[in-house]
1. To make sure I understand the rule: partners must be aspartates and glutamates, Cα under 15 Å from the Cα of Lys17, and not fewer than 8 residues away in the same chain. Which ones qualify?
2. Tell me, what are the semi-axes, in whole angstrom and largest first, of the equivalent ellipsoid of segment 2-70 as set by the roots of 5 times the Cα gyration tensor eigenvalues?
3. Give the aspartates and glutamates reachable from Lys63 as a straight Cα distance under 13 Å; neighbours fewer than 8 places away on the same chain don't count.
4. Between Ser30, Leu11, Gly62, whose Cα lies farthest towards the positive end of the dipole of segment 2-70 when Lys and Arg beta carbons carry +1 and Asp and Glu beta carbons carry -1, centred on the Cα centre?
5. In whole angstrom, note down how far apart the Cα centers of segment 1-32 and segment 54-71 are.
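Where a number appears in this text, it was derived from the coordinates with a stated rule and is not lab data. Not measured: the values here are computed from a predicted model. Neighbour counts run over all protein chains shown; Cβ positions are idealised from the backbone, glycine included.
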Amino acid sequence: MVLDPLRRESLLLGQTKMNADRTFYDVWASYKPADISAPAVALHALRYSIDTSILVNNSLEGKRKCVFVPKPAANARSPCSSRTC
């Protein structure tokens, strides 16, 4: 079991596994505990794409493109009014 307070679903249930001399954590389920609030989101994804392929040797190849913008603070004021923007 892993508790990661930086994730929205911060409680992870699973087990460690070895593969190709590397250790992985195989997640079976994840939950959001009732007494832990999710972290504030600092970025907003405008666009993203993920392209993946399974190669002949059963390895994975992937490419991703992301465009992020900062999410304004809840108390931040817009630099313009709704009439001008």
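1. Output for Lys17: Asp26.
2. For segment 2-70, the semi-axes come out at 27, 23, 8 Å.
3. Once the sequence-local aspartates and glutamates are set aside, what remains near Lys63 is Asp51.
4. Farthest along the dipole direction, towards plus: Gly62.
5. 21 Å
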